[in-house]
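Structure first, then comments.
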Amino acid sequence: MAHRFRYSRWDGSQKGFDLDALDLLDKMADQLATNGDPLAALRRLMERGMTDRNGEAIQGLDDIIEQLKARKEELLESGDLGGVYSEIAEALDQIVEREHQDLEDRQTLADLQLHDPSSSEEDRRNADLAKESASGKQLQLDMLADDLASRVQSLQSYEFESNEAQAQFEELLDKLRQEMVNNAFDQTSESLQNLSPQDLSRQREMMNALNDMLEQREMGIEPDFDAFMEEFGDFFPGNPQTLDELLEQLAEQMAAAQAMFNSMSPEQQEQLRQLMDNLLQDMGLRDEMARLSQNLQNAMPGAGWGESFQMMGGMPLGMGEAQNAMRQMGMSDRIRNFLEKVRDPRSLSEADFDGVRELLGDDAARSLERMSSMVKEMEDAGLIHAEGNRLELTARGVRMLGQSALRELFENLDPGLLGGHTIDRVGIGHERSFQTKPYEFGDPFNLHIGRTVKNAVQRAGGGTPVQLEPDDFEIEQTEQSVASATVLLLDISFSMVWEGRFLPAKKVALALQTLITGQYPKDYFGLVAFNREAREVNAQALPTLDSPETQGTNLQHALFIARRLLARQTGTKQIICITDGEPTAWTDEYGSHFDYPDTHHQQRLALLEAQRCTKSGITINTFMLGDSRGMIHFVNSMAKINKGKVFQTDPWDLGTYIFQDFLSGKQKLI
């Protein structure tokens, strides 16, 4: 179903969520780090909702769907359809009572004339006829049928004695006709208020023209919609711009009327059918309405014509109230069914925002509208792009994801724990630290002009020229970087996923890659993922790296690939190994193999590869995420061979340990 959007100038009163594309990426970070699928991450965000920077809630689909269910239950308990008839019955009883009272008054007056000695013979005969007529009409009223349709039909042919009762009855008939006509059309239309016989005749002409248009379209002839609206546009205050928009409005209204009819008992349905026949047939409206209903059902079969609802409330509902409740319950079901099938936030652009706003309020509608634009906003920001039905992270998106992981890690890192290490050479570093110090003999003469001149002015006071002295000199400190090559070995075996260790480990990999490629562009960073076998993973593919939940920890193969990668690099070489178990797999000329619990062969091959790394000048620092006796024994044996460090840590503290160790080996302030 298509929807029109209205735009207006910003006046400061409109509310918007304080959330941009990078905020969305941050909120998707964990899901993206799990499988690298932007569509899956956006779907999860869409279903669960989120908060913006101001803490305002953007409601998710799960919450909105539950609200729609609750709203429908509220409507079901709002009243009883019997009120459609009780209201008519009460009005008819009052009319009949008014007529009875008038007849009794006439009988009383006739009795007085009959017993008045001054009455003439002709007066007595007239009084006797009046009394007899009143008695006959009293009997006629007493014999009225119990069902409403028959009572209305009988009273239509009854000659009222009471002018007031007759006026009330005509007013009731006009009201019923108006409500029945309003079943199909917008009740806010001024053309449908206080309908006169002439108005009803024009209404019939409008419906006839509308039916002609629908039947022309069904035959493949495009009707003249503009001419129709020019003549009958006052019936449609929604101002539809196309025939399709008009049909949507009419179908929603008439489907609600049909749902009300479907929800009635067979007796109530028959009563309504007879009432419509009695009230509308003479004016030709009944046939035109039936014709319109059938044409609309043919044109829009999915509008909910077969819906029915079991009303459970105790308060009687009038016809207009009942139909509005039916319309809103049908709307609630259609919106809920649509939202339950949404798997892509882009599909939300087809949601009935106006319907959500009517049922649940502005906050829910704004939430849906905001979520419908998430994909486009991230595409416009260059973070994702569409590949067929898939969404993929762009190179910028990968960088931003890594920065998000890095930022999260450094928020939890104690900067006071970071320290430098001693290096053998000194000189002017290539990294600016933006810190200064007074010059001392032997320091590189990297003079900071601004601070030096400021010192001279503070010492000697104002005036020119400024005379500099050695004590005024202040130099800019720099950081001396140690060129290094790092390969991260990331265990992606089944146990890493099963124990919840894979996500924090992968986020550390993303953060470390971002740190090295961004802050230390001259350094090398490589990544090797391993389970039953090992493979190199390039930077662009890291976010989509997933665990196939395969058993096996092939550290021998991972160390082999890391050693081959580092052989082409210079500077300090290190391997950072993140694993949660001892080696249980190995690779030879026949392929990769798995064996457990006997791991002696696998461990021996891994230790031989560690020995080769040691001979190549590669340090292996191991971060254990498990505490099995076999793993501790193996890691200690490897450390004894390689002299690398061993850390045993919780998965969520992993980043702290790795980054403190990495950074402590990178820089010293000089």
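The values are calculated or read from the model by the stated rules, or taken from the named source; none is laboratory data. All of these numbers come straight from a predicted model, not from anything done at the bench. Glycine also receives a Cβ, built like all others from the backbone with ideal geometry; neighbour counts cover every protein chain displayed.
Find the residue count for the stretch 49-81, including only residues that are under 11 Å from the mean Cα position of the chain (by Cα), part of a helix (DSSP H, G or I) and surrounded by 15 or more Cβ atoms within 10 Å (Cβ to Cβ). Walk me through it before giving the result.
Looking only at the stretch 49-81, we keep the residues that are under 11 Å from the mean Cα position of the chain (by Cα), and these are 49-50, 58-65.
From what's left, part of a helix (DSSP H, G or I): 61-65.
Filter once more, keeping what is surrounded by 15 or more Cβ atoms within 10 Å (Cβ to Cβ): 61, 63-65.
So the answer is 4.
Would you say D105 is among the charged types (D, E, K, R) and either in contact (Cβ under 8 Å) with a residue 60 or more places away in the chain or in contact with a strand residue (DSSP E or B) (Cβ under 9 Å, 6 or more places away or on another chain) (or both)? Lay out the reasoning, then the answer.
Values: among the charged types (D, E, K, R): yes; either in contact (Cβ under 8 Å) with a residue 60 or more places away in the chain or in contact with a strand residue (DSSP E or B) (Cβ under 9 Å, 6 or more places away or on another chain) (or both): no.
So D105 fails the test.
The rows are residues; the columns are (1) small (G, A, S); (2) in a helix (DSSP H, G or I); (3) buried (at least 22 other Cβ atoms within 10 Å of the Cβ); (4) modelled with pLDDT of 90 or more.
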| position | (1), (2), (3), (4) |
| --- | --- |
| A290 | yes, yes, no, no |
| S293 | yes, yes, no, no |
| N298 | no, yes, no, yes |
| P301 | no, no, no, no |
| W305 | no, no, no, no |
| M312 | no, no, no, no |
| Q323 | no, yes, yes, no |
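Only one of these conditions is not met by E358: (1) free of Cβ contacts under 8 Å to residues at least 40 places away in the same chain; (2) over 21 Å from K69 (Cα atoms); (3) of a type in the set (D, E, K, R). Which number is it?
Of everything listed in (1) free of Cβ contacts under 8 Å to residues at least 40 places away in the same chain; (2) over 21 Å from K69 (Cα atoms); (3) of a type in the set (D, E, K, R), E358 misses just condition (2).
Restricting the search to the stretch 608-653, which residues are surrounded by fewer than 21 Cβ atoms within 10 Å (Cβ to Cβ), in a helix (DSSP H, G or I) and among the hydrophobic types (A, V, I, L, M, F, W, C)?
L608, I632, A639, I641, W652
Kindly list, by first and then second residue, each pair from a residue in the stretch 132-150 that is under 26 Å from S86 (Cβ atoms) and without any contact (Cβ under 8 Å) to a residue 12 or more places away in the chain to a residue that is of a type outside the set (D, E, K, R) and surrounded by 16 or more Cβ atoms within 10 Å (Cβ to Cβ), limited to pairs with Cβ atoms under 7 Å and residues at least 6 apart or on different chains.
none
Matching residues to (1) charged (D, E, K, R); (2) more than 16 Å from A70 (Cβ to Cβ); (3) touching a His at 6+ places or on another chain (Cβ under 9 Å):
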| site | (1), (2), (3) |
| --- | --- |
| E307 | yes, yes, no |
| L317 | no, yes, no |
| G320 | no, yes, no |
| Q323 | no, yes, no |
| M326 | no, yes, no |
| E340 | yes, no, no |
| E350 | yes, yes, yes |
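Regarding G388, is this residue surrounded by fewer than 20 Cβ atoms within 10 Å (Cβ to Cβ), under 30 Å from K27 (Cα atoms), under 24 Å from the mean Cα position of the chain (by Cα) and modelled with pLDDT under 85?
Details: surrounded by fewer than 20 Cβ atoms within 10 Å (Cβ to Cβ): yes; under 30 Å from K27 (Cα atoms): yes; under 24 Å from the mean Cα position of the chain (by Cα): yes; modelled with pLDDT under 85: yes.
It is true that G388 is surrounded by fewer than 20 Cβ atoms within 10 Å (Cβ to Cβ), under 30 Å from K27 (Cα atoms), under 24 Å from the mean Cα position of the chain (by Cα) and modelled with pLDDT under 85.
Restricting attention to the stretch 518-552, which residues are part of a strand (DSSP E or B) and basic (K, R)?
R535
Residues in the stretch 516-525: is at least one under 23 Å from E609 (Cβ atoms) and either without any contact (Cβ under 8 Å) to a residue 60 or more places away in the chain or in contact with a Gly (Cβ under 9 Å, 6 or more places away or on another chain) (or both)?
To start, the set of residues in the stretch 516-525 that are under 23 Å from E609 (Cβ atoms) comprises 524-525.
Remaining after also requiring either without any contact (Cβ under 8 Å) to a residue 60 or more places away in the chain or in contact with a Gly (Cβ under 9 Å, 6 or more places away or on another chain) (or both): 524-525.
Yes, there is a match, as at least one residue in the stretch 516-525 is under 23 Å from E609 (Cβ atoms) and either without any contact (Cβ under 8 Å) to a residue 60 or more places away in the chain or in contact with a Gly (Cβ under 9 Å, 6 or more places away or on another chain) (or both).
Please identify the pairs in which a residue from the stretch 84-102 that is within 29 Å of G313 (Cβ to Cβ) has its Cβ atom under 6 Å from the Cβ atom of a residue that is outside any helix (DSSP H, G or I) and among the small types (G, A, S), counting only partners at least 6 apart or on another chain.
E87/G318
In the stretch 553-607, which residue that is free of Cβ contacts under 8 Å to residues at least 24 places away in the same chain and in a helix (DSSP H, G or I) is nearest to L512 (Cα to Cα)?
R564
Applying the selection to the stretch 221-248, what residues are among the acidic types (D, E) and touching a residue at least 12 places away in the same chain (Cβ under 8 Å)? Give the steps one after another, and end with the answer.
Taking the stretch 221-248 as the starting set, the residues that turn out to be among the acidic types (D, E) are 222, 224, 226, 230-231, 234, 244-245, 248.
Hits for the stretch 221-248 are E231, D234, D244, E245, E248.
Sort out which residues of the stretch 278-304 are hydrophobic (A, V, I, L, M, F, W, C) and either in contact with a strand residue (DSSP E or B) (Cβ under 8 Å, 6 or more places away or on another chain) or closer than 26 Å to E87 by Cα (or both), and write them in order of number. Show your work before the answer.
Step one: filter the stretch 278-304 for residues hydrophobic (A, V, I, L, M, F, W, C), giving 279-280, 283, 285, 289-290, 292, 296, 299-300, 303.
Once the filter is applied, which keeps residues that are hydrophobic (A, V, I, L, M, F, W, C) and either in contact with a strand residue (DSSP E or B) (Cβ under 8 Å, 6 or more places away or on another chain) or closer than 26 Å to E87 by Cα (or both), the stretch 278-304 yields L279, L280, M283, L285, M289, A290.
It is to be established whether one or more residues within the stretch 511-532 are among the acidic types (D, E) and over 17 Å from S484 (Cα atoms).
First, pick out the residues of the stretch 511-532 that are among the acidic types (D, E): 523.
Checking the rest, the ones that are also over 17 Å from S484 (Cα atoms) come to none.
No, the stretch 511-532 contains no residue that is among the acidic types (D, E) and over 17 Å from S484 (Cα atoms).
Could you figure out which of (1) at pLDDT below 90; (2) under 47 Å from the mean Cα position of the chain (by Cα) isn't true of P597?
Here P597 clears every test but (2).
Might you let me know whether the stretch 91-99 holds any residue that is out of contact with any helix residue (DSSP H, G or I) (no Cβ under 6 Å at 6 or more places or on another chain) and within 22 Å of Q178 (Cα to Cα)?
Yes: the stretch 91-99 contains one or more residues that are out of contact with any helix residue (DSSP H, G or I) (no Cβ under 6 Å at 6 or more places or on another chain) and within 22 Å of Q178 (Cα to Cα).
Return yes or no: is L503 surrounded by 15 or more Cβ atoms within 10 Å (Cβ to Cβ), modelled with pLDDT under 90 and under 31 Å from the mean Cα position of the chain (by Cα)?
Considered against the rule, which asks whether it is surrounded by 15 or more Cβ atoms within 10 Å (Cβ to Cβ), modelled with pLDDT under 90 and under 31 Å from the mean Cα position of the chain (by Cα), L503 comes out as yes.
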